[in-house]
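Every number here is computed from the coordinates shown, using simple stated rules; none is lab data. None of these values were measured; they are calculated from a predicted model. Every residue, glycine among them, receives a Cβ derived from its backbone with ideal geometry; neighbour counts consider all protein chains shown.
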Amino acid sequence: PRTPDAAHAPDTAHAPDAAHTALPAATPVGYPRIGPDRELKKAEEAYWSGRIDRAEFAQRIRALRDATRSRLAELGLTGPAAIPETFSLYDQVLDAALAVGIVPDRFADVLGADGTIDLDGYFALARGTAEQPPLEMTKWFDTNYHYLVPEIGPDTDLHIASTQVIDLFRESLEAGAGAGAGAGAGAAARPVLVGPLTLLLLAKAQDGAPADFDPLDRLDDVVSVYAELLARLHEAGATWVQLDEPALAADQRVDPQGLAALLERAEGRLASAEDRPQILVTTPYGGIGDLLPAVLATGVEAVHLDLTRGEIPSAAQLAGIGRTRIVAGLVEGRSVWRTELPTAAARLALLRERVAEAAGDPSGVVVSTSVSLQHVPHTLERETHLPAELRATLAFADEKIAEIVALAGSSITPGSVDGPRSVPRDFAGVRRSEVRERAAGLTAADLERSAFEVRGAAQQSRLGLPVLPTTTIGSFPQVASVRRARADHRAGRIDATAYEQAMREEIRRVVALQEELGLDVLVHGEPERNDMVQYFAEHLDGFATTAHGWVQSYGSRCTRPSILFGDVSRPVPITVGWSAYAQSLTDKPVKGMLTGPVTILAWSFVRDDQSLGETADQVALALRDEIADLETAGIGIVQVDEPALRELLPLRASDQDDYLRWSVDSFRLATSGAADATQIHTHLCYSEFNEVVDAIDALGADVTSIEAARSRGEILEALDPERFSRGIGPGVWDIHSPRVPAAEEIRSQLAAALDRVGEGRLWANPDCGLKTRGYEETTESLRHLVEAARAVREQA
Ligand code: GLN
Ligand code: ZN
């Protein structure tokens, strides 16, 4: 192992030894990988459907990576290790898991005889097979990106099961050589892997592991495989490797002292090896505060800090810096707003001073982004339709790279003249006095309804629902004809009347089907919605829509978040016509369907010139008006979906109370104008119910439906009437899978829930909306659901 002195020797002392090449002055943490035209998605869908073979798939993916490398070089990322190789075919956590052989026993057969995984095996883990459901998917920190949860056991055979990280590095060398002199050395990428600590903190114990097993028990074994990977990267000529450790920016089941010790066993051990590239540890998604000394103590050559959420480190925190480079995440990587460059330059200067004081070497600061740019669209270049005033305030991935390159250069100083940072206040729609005056006039009474019991009685006498009422979450399968009609309407191929007719026809079909199935509370099916947030963004003032602003949600799935830049208001009713039409077709109650303020914010890019709470209240007031109009139109039940409530929960416990206060208040503001006899529902999914059960209770909805099919035990526990007192519908059909649950299976789930919850509070419903399902399995599953509810009702 190297002595600390050798590890910290100045880069120049070893020049031109490649192993001591310095990092470039500017480099991002990561870059989008879907491609500006969603090339990744298109190639994957073509491959999965059998339209192209493996060779063509490989060729298309290679072309995407080549184009990405050229683009990044063009943007100024030149020189060795300037480009982080963050390409992934599906997910970076899955990639790291496979790099070290974390393959659950249930997927043992996807490994070849030599213990490696091939393309189809990789997709099997990501997407499931006929026999095995895929790895569970969950949100990556407080973002809308989903990763696959690795499953590990005490006996998982850890070894290099995928050499992708090495192969991609070799490819970058080869691509650089092909590009001719000059570009050659510059093209060698910086390999990137999720680090060992984060990987195991995000992993879960595989089924059948002993109850006291913690994935962290395998840390030393996992680190051994990382060491082997690093040695092989070194042998291939890599000068740097990046290990992402975002887990350090969030509260963990291990306390900070414990984390410091784990860091020493992970990065500390890797840094002590001889044959390895230099190591950059990144800590995106928040500040790591007093963990910095522990990261520095590991002896890695560079440490990245998210300085948009975290503070510039203090002299004390930097005391042990030695020759370690600080990679300063000064440019916000997850918003679409441009950086106030002079302010960032001033912070950079302060950081340089502190580093110089601590290390005696002021040149050691590299400029970077706070997080990977995977959360923003590729480029603003093609968004030519946006108003110039708005466009001037925006920066997507490519523009943010230009920002870090500019900051690292000498042209920007703390005193430089800067462009606009937020949309000018006098730009149309940014500040609407009627919205602001209304928000300013709100009082506590606007968040209150009458007592739950009083409302309950009024609702029961109006609705007359049976014990254990049956319903769905809102959307019905989006058949091709519906999607076609929406697209034709958008493209102007059909007029408003023809479009309306097509939607009405679908609503008629969906209502008739629900009546035939015998459901108690019906929905209109949401055929008019492309997406539960975008639909509202398009109908509310204050939002702009991008043409190509796609962001990866997971694997091949992308969303095109709207940009909330101005004060939000509702020019005309949005959903009332559709819901009223559905209600006109039936005597059963039809449930109106809205998306809640927190979810609208979470799945959009939101202005940051005012607090999120203020913006949420504006959205809430628009929804409040919508609910009033639904009531006037005769709708007696309104569901306000908040599936993202858990997602925005801050990563640090100390920040959570404030978040829960404004988010819960915005829901209450949206719904508290409803009459007693109007039943308010909410729906939450991807919610670890237990963690936020008090907040969910505080929403005050009369009925809450939750995703539960995949975590039944935990949910039953949380349904304790002491903790949660209102109507509840734990999902009894997992709509994320095409499997049709048998009536008996649903019946026994309902019976167990009824035991726990008691009569009068329990509802029977699927897990989530049915948008992605087909009609065949939907009809059959709902038939079983109604049958099961009736059977339980008879026994009750
Ligand atoms: N009402 C929405 C639907 O049924 C809810 C979707 C969601 O929870 N993600 O599609
Ligand atoms: Zn849902």
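Restricting the stretch 375-392 to residues that are of a type in the set (D, E, K, R) and free of Cβ contacts under 8 Å to residues at least 60 places away in the same chain, the residue that is nearest to Gly555 (Cα to Cα) is Glu381. Taking the numbered list (1) more than 16 Å from ligand 2 (Cβ to nearest atom); (2) buried (at least 22 other Cβ atoms within 10 Å of the Cβ); (3) in contact (Cβ under 8 Å) with a residue 60 or more places away in the chain; (4) not aliphatic (A, V, I, L, M) in turn, Thr615 passes all entries but (3). Taken over the stretch 42-100, residues that are crowded, with 19+ Cβ neighbours inside 10 Å and acidic (Asp, Glu) amount to 4.
Which of the residues spanning the stretch 761-771 are touching a residue at least 60 places away in the same chain (Cβ under 8 Å), charged (D, E, K, R) and away from ligand 2 (no atom under 16 Å from the Cβ)? Hits for the stretch 761-771: nothing passes.
Among the residues making up the stretch 575-621, those that are of a type in the set (D, E, K, R), under 23 Å from the mean Cα position of the chain (by Cα) and outside any helix (DSSP H, G or I) are Arg607, Asp608, Asp609.
Looking at Ala677, Ala653, Ala670, just one residue is out of contact with any strand residue (DSSP E or B) (no Cβ under 8 Å at 6 or more places or on another chain), of a type outside the set (Phe, Trp, Tyr) and closer than 25 Å to Tyr581 by Cα, and that residue is Ala677. Among the residues of the stretch 715-773, the ones that are within 16 Å of ligand 1 (Cβ to nearest atom), part of a loop (DSSP other than H, G, I, E, B) and within 20 Å of Ile696 (Cβ to Cβ) come to 8 in all.
Within the stretch 666-687, the set of residues being under 23 Å from the mean Cα position of the chain (by Cα) and either of a type in the set (Gly, Ala, Ser) or more than 15 Å from ligand 1 (Cβ to nearest atom) (or both) comprises Ser666, Ser687. Kindly check whether there is at least one residue in the stretch 744-760 that is away from ligand 2 (no atom under 16 Å from the Cβ) and among the hydroxyl-bearing types (Ser, Thr, Tyr). Yes, the stretch 744-760 contains a residue that is away from ligand 2 (no atom under 16 Å from the Cβ) and among the hydroxyl-bearing types (Ser, Thr, Tyr). Tell me, which residue of the stretch 635-648 that is part of a strand (DSSP E or B) and within 18 Å of Leu601 (Cα to Cα) is farthest from ligand 2 (Cβ to nearest atom)? Going through the qualifying residues, I end up with Val640.
Note on the stretch 696-708: among residues that are assigned to a strand (DSSP E or B) and of a type outside the set (S, T, N, Q), the one that is nearest to ligand 1 (Cβ to nearest atom) is Ile706.
Consider Ser368 against the criteria (1) over 30 Å from the mean Cα position of the chain (by Cα); (2) part of a strand (DSSP E or B): it satisfies all of them except one. Which criterion is unmet? The single condition Ser368 does not satisfy is (1).
Within the stretch 545-564, being within 19 Å of Thr599 (Cβ to Cβ), touching an Asp or Glu at 6+ places or on another chain (Cβ under 9 Å) and not polar (S, T, N, Q) holds for Gly549, Tyr554, Arg560. Within the stretch 772-793, not a single residue is farther than 23 Å from Leu513 by Cβ, in contact (Cβ under 8 Å) with a residue 12 or more places away in the chain, away from ligand 2 (no atom under 16 Å from the Cβ) and of a type outside the set (Ser, Thr, Tyr). Close Cβ contacts (under 8 Å, 6 or more residues apart or on different chains) running from residues in the stretch 229-241 that are farther than 22 Å from Pro28 by Cβ and in contact (Cβ under 8 Å) with a residue 24 or more places away in the chain to residues that are β-branched (Val, Ile, Thr) and outside any strand (DSSP E or B) comprise Leu229/Val100; Leu229/Ile160; Leu229/Val165; Leu229/Ile166; Arg232/Ile160; Arg232/Thr163; Arg232/Ile166; Ala236/Ile166. In the set (1) outside any strand (DSSP E or B); (2) under 13 Å from Thr369 (Cα atoms), His304 fails one condition alone, (1). Among residues of the stretch 484-509 being in contact (Cβ under 8 Å) with a residue 60 or more places away in the chain and not basic (Lys, Arg), the one that is surrounded by the most Cβ atoms within 10 Å (Cβ to Cβ) is Ile507.
The number of residues in the stretch 486-524 that are in a loop (DSSP other than H, G, I, E, B) and not aliphatic (A, V, I, L, M) comes to 6.
Checked against the criteria, Ala231 does not count as more than 28 Å from Asp142 (Cβ to Cβ) and either among the polar types (S, T, N, Q) or not in a helix (DSSP H, G or I) (or both).
Residues of the stretch 649-695 being within 16 Å of ligand 2 (Cβ to nearest atom) and either of a type in the set (Val, Ile, Thr) or not in a helix (DSSP H, G or I) (or both), which ones? Selection gives His681, Thr682, His683, Leu684, Cys685, Tyr686, Ser687, Glu688, Val692. Kindly indicate whether any position in the stretch 622-634 is out of contact with any Leu (no Cβ under 8 Å at 6 or more places or on another chain), aliphatic (A, V, I, L, M) and either in a loop (DSSP other than H, G, I, E, B) or in contact (Cβ under 8 Å) with a residue 60 or more places away in the chain (or both). Scanning the stretch 622-634 turns up at least one residue that is out of contact with any Leu (no Cβ under 8 Å at 6 or more places or on another chain), aliphatic (A, V, I, L, M) and either in a loop (DSSP other than H, G, I, E, B) or in contact (Cβ under 8 Å) with a residue 60 or more places away in the chain (or both).
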